[in-house]
1. How many nm is it between the label spots at residue 40 and residue 431, if each spot is 7 Å from the Cα in line with the beta carbon?
2. What is the percent carbon and sulfur in the accessible area of the range 376-477, measuring with a 1.4 Å probe over the protein chains and ignoring ligands?
3. On a 0 to 90° scale, report how tilted helix 156-167 is relative to the longest principal axis of the chain, with both axes built from alpha carbons and the result rounded to the nearest 10.
4. Give me the percent relative contact order of the range 298-401, please, defined on Cα pairs under 8 angstrom at least 6 residues apart.
5. Report the relative contact order of the range 134-256, percent, no decimals, based on alpha-carbon pairs under 8 angstrom and at least 6 residues apart.
6. At 0.36 nm per residue, minus the direct Cα-Cα distance, what do residue 465 and residue 413 gain on full extension? Give it in nm, one decimal, please.
7. Work out the length of the dipole vector of the chain about its Cα centre, built from +1 on the beta-carbon of each Lys and Arg and -1 on the beta-carbon of each Asp and Glu, and round it to the nearest 20 debye.
8. With every protein chain present, what is the per residue accessible area of the chain (1.4 Å probe, Å²)?
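The values are calculated or read from the model by the stated rules, or taken from the named source; none is laboratory data. The structure displayed is predicted, hence computed values, not measured ones. So basically every Cβ, Gly included, is an ideal-geometry build from the backbone, and we count neighbours across all protein chains shown. Note: accessible area is taken over every heavy atom of the protein model, side chains too, but ligands, DNA and RNA are not part of it. Shrake-Rupley method; radii C 1.70, N 1.55, O 1.52, S 1.80 Å.
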Amino acid sequence: MATALQENPSGAPQLTPKKYQENYGEFIGIGENGNLWVEDCDVADLVAEFGSPLFIISENQFRYTFRQFRDAFRKHYPGESQILFANKSNNGLAYRHIMNQEGAGGDCFGVNELYLSLLAGTDPSTLVLNGSNKQDEELEMAIRNGLCINIDATDELDRIDAMCKQLGVGARIGIRLKLDLDPLAERSGVAMHGPGTLKEQSDSTKWGMSREQTVDIVKRALDMPHIELMETHFHLSRMSNVAMDFAIMAREMVTWSGYIRDNTGWTPPCIDIGGGWTFGKWYGTGPRSQIDDDNAPTADDYAKLCSQEIQDEAKKLDLPLPKLRLEPGRSLSGPSGVSVGTVGAVKQGDRKKWVNLDLSTNHLSWSAVLDWYYHPVPVVDALAERSETVDLVGPLCNSDELGPHVKMPPLERGDLVAFLDTGGYTEPCAARYNAQLLPATVLVCGDQATVTTVREQQQDIIGRFRVPPRLLAGSFADQGN
């Protein structure tokens, strides 16, 4: 799906997918020499230059996946639509600059994600501030820069109004809803969000305002001259890979618009249907209980179903077609990432074989926390027969399983193993357990590779620690005797 330059006035490039011996994405696959390549770069060469472990991001894959979502909603939704990249899925500055060039807005959580977006030059009118416990610092930054603030606490409107009066400026607000989702009462979701049906999972979260709370907020906001009501918001999250579940949610957003109109006289001109959109790959990815393969819905599936349900409900309730915003995160950033580790100890037990890597669940935290499956690929001779069943593990003092019971070619010390589709929620969620240093991140565009996150050094960890003088004295007082 190449996109013309005139649709990207900031100079975003046209994209032509590459043809590899075996494609794992439009810009990631096995090259003619049998190695794993990201765009026009051999991954083995990247590790030799930048070290291991290593996060690698394909800039063109990221752009391509974004355009799939953007163009799908442009195709199927007759009203205005806008993509707000969920910055939390990968909040690197380079990522945000790429999204700026593509014309994407952004979903921000907390003062630092908001600051990074503004630092990257993102148009503030395309950003939203979400969060259940917003602090004064982030509210002030959002108000001063003209963001839409999605209210998610009963006292938040009064805090915003008081700050507006103090600053002498206005504020733009939305309201995060606590949808009923009765049609999803019998639909089971992904276990990563806890037990129960999709409705039970949604009901049990901290997010959203009830119908009564929403009406109260709207009525009070309409009487506040500093406040401009902009939208309603909901986020189903990664509970399902059935597109119709998201379409049902989108329809109920319009149902609530009718309820709000009937009880306040105000009709939301925009609905933000959040994120949680998944993607599938032929080799499988995602939560083990429901691995996303090539049967997973596409951006076109989501756009077609959601658009139709919104239009039908708006017509039924005699409502104008709202502006539509959505906040995809992992579905945009995930396919662009590859994480690489180097094989160390290989241990054969009576019933198992363990292949240790310098990559760990510090780096791919969802592997441990959410039992997430990332497809492993040998970097060199990537098409070799997968003749052994092994556990790919990291060096930490827990089980540190990155790929339990996976088929791989015979591996030995010094070999490289890559995990695919790790562009989302890897670097932002990375940890330092066992004082392990965080990897560098390299952004690849064609045959160019540039470090966008510098590899941590020992002083980066040690430098955060302080020892009280009394403890120093207790440890070293007798050493001079």
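1. 4.1 nm
2. 53 percent
3. Compared with the principal axis, the helix lies near 80 degrees.
4. 22 percent
5. 29 percent
6. 15.3 nm
7. Value, rounded to 20: 500 debye.
8. 42 Å²
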